[in-house]
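Colleague: Can you keep this structure in mind? I'll have questions shortly.
The values are calculated or read from the model by the stated rules, or taken from the named source; none is laboratory data. Owing to the predicted nature of the structure, the values given are computational and were not obtained by experimental measurement. For neighbour counting, all protein chains shown are included, and Cβ atoms are generated from backbone atoms with ideal geometry for every residue, glycine included. These accessible areas exclude ligands, DNA and RNA; they are computed on the full protein's heavy atoms, side chains included. Shrake-Rupley method; radii C 1.70, N 1.55, O 1.52, S 1.80 Å.
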Amino acid sequence: MFNDLAIFLRNLFAFDEAHPLLFTQFNFWAFFFIVYILFTIIVGLRGNSNAKRLMRNGYLFFVSLFFYYKTSGLFVLLLVFSTFLGYFLGIRLDSNISQRRRKWLMGIGVAINLLVLFYFKYAYFFTDVYNTVFNTHYQVVNYLAQWANHFTDSPRFDASMILLPVGISFYTFQNISYIVDVYKRKIPHAGNVLDFGFYTTFFPQLVAGPIIRADQFVPQLYKPFFLSRRQFGIAVFWILNGLFKKIVLSDYLATSFVDRVFDNPTLYTAFENFSALMIYSLQVYADFSGYTDIAIGVAMLMGFYLPMNFNSPYKSTNPAGFWKRWHMSLSNWLKDYLYIPLGGNRTAGWVSYTILGFILVSVALMAKNVWVTVAVSSVIALLALDYLLFPRHRKDFNTNVNNMDTMLLGGMWHGASFNFITWGGLNGLGILAYKYWKRWGSWIRIMVISIIFGTLLLADYIYPCPALNLFSVWSGIMWAMISITELIKLFTHNKSRFNDTLIHVWNILSCFAFISFTRLFFRSGSNLNPAEANEVAWRTATQMVDKIGSAWNLQQIPDIVSNYAGVFLMFAFGMIVHWLPERFKRRYRIWFASMPLSVMVVVVVAVVFVIYQFVTADLQPFIYFQF
């Protein structure tokens, strides 16, 4: 009996890589049930409100550390180090020391956080660049594993590779946010290490966001617990909504279709490759926003409010609007802590140009492809000529450099490999293209798209290949639709509601197609060891472009749709729900939250039963865990 109890306790408290605490697993909800019972007891205690608040925050701090340990093992020590570093720096930054010393301390704090992030996340990237430039053959070594093996006098840890700690990008950015906000005196330093530790480690959003800003969340640490009847209902709704998105939409689409095509693009037709690319956009949205919904709901049950991270991003009519709706906590963080410090829309200094130059040169070297090298070199040359020959363009030029830096570094935040940089760069180019597009009149727009279409047709005629065929067909469709919509606006003066609706729908669909195409590079290198991500991602992306750009057999399409009827119906259902008006969605959220508790319980049981009919045998981790 005692042996069985000892085994149970060891399994309960030991790190098991095969069974992490994921929101879609029963063990997480058992964990949360126990945590919540003790939480309600603590917040229900009578006595001094400050002592009770400190007990609540301290309790959730240690619970969150345990959660992270069960998810990432000994990497919890790195989280503890990051927590204490931020806490003690915050105290010094908020003390009566000179502004010069405060600035140095802020810089040191940001630098240490970034160095830790770079070591674990970007060691392969920088080693790759160095080896390419200097023709060396250095290998990445896990020095922490070496030291641990030396300290324990045993080969317990693998020193041949660096593993990426789960959620390191999220809690690193949160610590930087805290250090900078205390330095700017937006907030005072946290009163004690338990409060600050709770801010850094809050388990619902710890491993996959949303990124909580210090000035938004730290003030909540000092508020008493409050949860109204309607807030309880809204919290339950968000949890169910997130589970439905993750399990019913994302996991089903991934295992039934998307993963198969991306794993072996050459085995599938052009239409199947194209469909996988479009469907992946819904999959990654349902996966990430599903996690966020659950995190928001779980946090709300404990009286804390996390920022909205998604606002129906596929309703966007342009790439700039998309990034105001997608992963909003990251977009806002990059704007406030990167884009504006670089100069924003005012100016760009040597740091901005150094970042852009380094990334472009690195891409040209890492791609190991003559066409990429030529393209990047041409871009650098054109940018230099534009800057030197047209002084009146320099203000816009500086803004564009800061925009591109932000998008490229945003891409690198997701992963230090060629595919993520390409993905970020394409999104940056899309934003800049829209920036100029909206300035032009109808005739200039038609002329520009006509020149692009004609150039691609000529290039495809001279040097026929699937990629040029794909882009010439795409630009041809764009040319036809843009010409039609621009002529409609020109001759009707844009007064017809039908015309407005037609143009709006076209803009949404074209934006969705563009964003989905950029995701080819995002998905191709995901879930891969950094050491092989570049090669595999480039090969997968090339194979899919070649397939989609090859001749389509239209007679096969009905059979393909029939064979994957469930997948295409689920995709259509997901997109229709996504495109529903926000006021309608708000109405059914409130309707659910206002149900009598007995009815709500019945609905919850029914929805959970339906959701878990879609649970797959293989563990499907959240996509953003790797970032």
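Colleague: Please specify each residue of segment 41-95 satisfying the condition of being among the hydroxyl-bearing types (Ser, Thr, Tyr) and closer than 24 Å to PHE170 by Cα.
Modeller: Hits for segment 41-95 are TYR59, SER64, TYR68, TYR69, THR71, SER72, SER82, THR83, TYR87.
Colleague: Please go through segment 219-248 and give me each residue that is basic (Lys, Arg) and open to solvent by less than 70 Å² (accessible area, probe 1.4 Å), ordered by number.
Modeller: Taking segment 219-248 first, the residues basic (Lys, Arg) are 223, 229-230, 245-246.
Selection gives LYS245, LYS246.
Colleague: Can I ask one more? Spot the failing condition for TRP479; the list is (1) of a type in the set (A, V, I, L, M, F, W, C); (2) touching a residue at least 60 places away in the same chain (Cβ under 8 Å); (3) open to solvent by 80 Å² or more (accessible area, probe 1.4 Å), and only one is missed.
Modeller: (2)
Colleague: Now for a separate question. Can you spot a residue in segment 134-145 that is assigned to a helix (DSSP H, G or I) and in contact (Cβ under 8 Å) with a residue 24 or more places away in the chain?
Modeller: no
Colleague: Being closer than 16 Å to SER362 by Cα, open to solvent by 80 Å² or more (accessible area, probe 1.4 Å), in a helix (DSSP H, G or I) and modelled with pLDDT of 75 or more: is that true of TYR122 here?
Modeller: Spelling it out, it is not the case that TYR122 is closer than 16 Å to SER362 by Cα, open to solvent by 80 Å² or more (accessible area, probe 1.4 Å), in a helix (DSSP H, G or I) and modelled with pLDDT of 75 or more.
Colleague: Still on this model: Output the number of the condition that VAL577 fails; it satisfies all remaining conditions of (1) over 24 Å from the mean Cα position of the chain (by Cα); (2) free of Cβ contacts under 8 Å to residues at least 24 places away in the same chain.
Modeller: (1)
Colleague: Which of the numbered conditions does ASP293 fail, given that it passes all the others? Conditions: (1) among the charged types (D, E, K, R); (2) over 20 Å from PHE514 (Cβ atoms); (3) at pLDDT 90 or above; (4) open to solvent by 60 Å² or more (accessible area, probe 1.4 Å).
Modeller: (4)
Colleague: Given the conditions (1) modelled with pLDDT under 70; (2) open to solvent by less than 40 Å² (accessible area, probe 1.4 Å), and given that ASP405 satisfies all but one, which numbered condition is not satisfied?
Modeller: (1)
Colleague: Kindly indicate which of ALA459, ALA467 is touching a residue at least 60 places away in the same chain (Cβ under 8 Å), assigned to a helix (DSSP H, G or I) and surrounded by fewer than 18 Cβ atoms within 10 Å (Cβ to Cβ).
Modeller: ALA467
Colleague: If you scan segment 402-421, which residues turn out to be under 15 Å from PRO319 (Cβ atoms) and either of a type in the set (S, T, N, Q) or without any contact (Cβ under 8 Å) to a residue 24 or more places away in the chain (or both)?
Modeller: Initially, segment 402-421 is screened for residues under 15 Å from PRO319 (Cβ atoms), giving 403-404, 406-408, 410-411.
The answer is ASN403, THR406, GLY411.
Colleague: OK, next. Quick check: is even one residue across segment 200-207 assigned to a loop (DSSP other than H, G, I, E, B) and touching a Pro at 6+ places or on another chain (Cβ under 7 Å)?
Modeller: Looking for residues that are assigned to a loop (DSSP other than H, G, I, E, B) and touching a Pro at 6+ places or on another chain (Cβ under 7 Å), one finds none in segment 200-207, hence no.
Colleague: Can you confirm whether segment 255-277 contains a residue that is acidic (Asp, Glu) and modelled with pLDDT of 90 or more?
Modeller: Yes; the residues of segment 255-277 include at least one that is acidic (Asp, Glu) and modelled with pLDDT of 90 or more.
Colleague: What about LEU528, is it at pLDDT below 85 and open to solvent by 50 Å² or more (accessible area, probe 1.4 Å)?
Modeller: Yes; evaluated as a whole, the condition is true for this residue.
Colleague: Take segment 211-249 and flag every residue that is small (Gly, Ala, Ser) and modelled with pLDDT of 90 or more.
Modeller: Selection gives GLY233, ALA235, GLY242.
Colleague: I'd like to check something: does segment 452-467 contain any residue that is modelled with pLDDT of 80 or more, closer than 30 Å to TYR122 by Cα and not basic (Lys, Arg)?
Modeller: no
Colleague: Can you report the number of residues in segment 34-50 which are open to solvent by less than 80 Å² (accessible area, probe 1.4 Å), without any contact (Cβ under 8 Å) to a residue 24 or more places away in the chain and either part of a loop (DSSP other than H, G, I, E, B) or within 28 Å of SER289 (Cα to Cα) (or both)?
Modeller: So the count comes out to 5.
Colleague: Pairs, please: C-beta under 8 Å, at least 6 apart or cross-chain, first residue more than 15 Å from SER275 (Cα to Cα) and in segment 241-259, second open to solvent by less than 10 Å² (accessible area, probe 1.4 Å) and not in a helix (DSSP H, G or I)?
Modeller: Final answer for the pair search is GLY242/PHE23; LEU243/PHE23; LYS246/PHE23; LYS246/PHE622.
Colleague: Could you check segment 1-33 and list, in sequence order, the residues that are loosely packed, with under 11 Cβ neighbours inside 10 Å and either under 21 Å from ASN57 (Cα atoms) or modelled with pLDDT of 85 or more (or both)?
Modeller: Listed by number, the list holds a single entry, PHE33.
Colleague: Being out of contact with any strand residue (DSSP E or B) (no Cβ under 9 Å at 6 or more places or on another chain), open to solvent by 40 Å² or more (accessible area, probe 1.4 Å) and at pLDDT 80 or above: is that true of PHE521 here?
Modeller: no
Colleague: Here's a check for you: in segment 278-326, which residue that is in a loop (DSSP other than H, G, I, E, B) and under 17 Å from SER250 (Cβ atoms) is farthest from the chain's Cα centre (by Cα)?
Modeller: If we take residues in segment 278-326 being in a loop (DSSP other than H, G, I, E, B) and under 17 Å from SER250 (Cβ atoms), then SER312 is farthest from the chain's Cα centre (by Cα).
Colleague: Which of the residues that make up segment 553-568 are touching a Ser or Thr at 6+ places or on another chain (Cβ under 8 Å) and farther than 18 Å from ILE279 by Cα?
Modeller: ASN553, GLN556, listed by residue number.
Colleague: Any chance you could count how many residues in segment 52-90 are open to solvent by 20 Å² or more (accessible area, probe 1.4 Å), hydrophobic (A, V, I, L, M, F, W, C) and over 25 Å from VAL182 (Cβ atoms)?
Modeller: Matching residues across segment 52-90 total 3.
Colleague: Does TYR130 satisfy being free of Cβ contacts under 8 Å to residues at least 12 places away in the same chain, under 24 Å from PHE420 (Cβ atoms), part of a helix (DSSP H, G or I) and more than 21 Å from the chain's Cα centre (by Cα)?
Modeller: The answer is yes for TYR130.
Colleague: Further, regarding this structure: Check SER154, SER169, SER177 and return the single one that is polar (S, T, N, Q) and either at pLDDT below 70 or surrounded by fewer than 19 Cβ atoms within 10 Å (Cβ to Cβ) (or both). Show your work before the answer.
Modeller: On the way: SER169 fails: either at pLDDT below 70 or surrounded by fewer than 19 Cβ atoms within 10 Å (Cβ to Cβ) (or both); SER177 fails: either at pLDDT below 70 or surrounded by fewer than 19 Cβ atoms within 10 Å (Cβ to Cβ) (or both).
Of the residues listed, the single one that is polar (S, T, N, Q) and either at pLDDT below 70 or surrounded by fewer than 19 Cβ atoms within 10 Å (Cβ to Cβ) (or both) is SER154.
Listed here are the residues, each with its yes/no results for (1) part of a loop (DSSP other than H, G, I, E, B); (2) over 24 Å from GLY44 (Cα atoms); (3) within 24 Å of the chain's Cα centre (by Cα).
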residue: GLY209; (1), (2), (3): yes, yes, yes
residue: ASP215; (1), (2), (3): no, yes, yes
residue: PRO224; (1), (2), (3): yes, no, no
residue: LEU227; (1), (2), (3): yes, no, no
residue: GLY233; (1), (2), (3): no, no, no
residue: PHE244; (1), (2), (3): no, yes, yes
residue: ASP251; (1), (2), (3): no, yes, yes
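Colleague: For the structure I just gave you, tell me whether LYS324 is open to solvent by less than 20 Å² (accessible area, probe 1.4 Å) and of a type in the set (D, E, K, R).
Modeller: So LYS324 does not fit the description; no.
Colleague: Now for a separate question. Restricting the first residue to segment 329-345 and requiring it to be in contact (Cβ under 8 Å) with a residue 60 or more places away in the chain, which pairs with a second residue that is among the acidic types (Asp, Glu) meet a Cβ separation below 7 Å and a spacing of at least six or different chains?
Modeller: LEU342/ASP405
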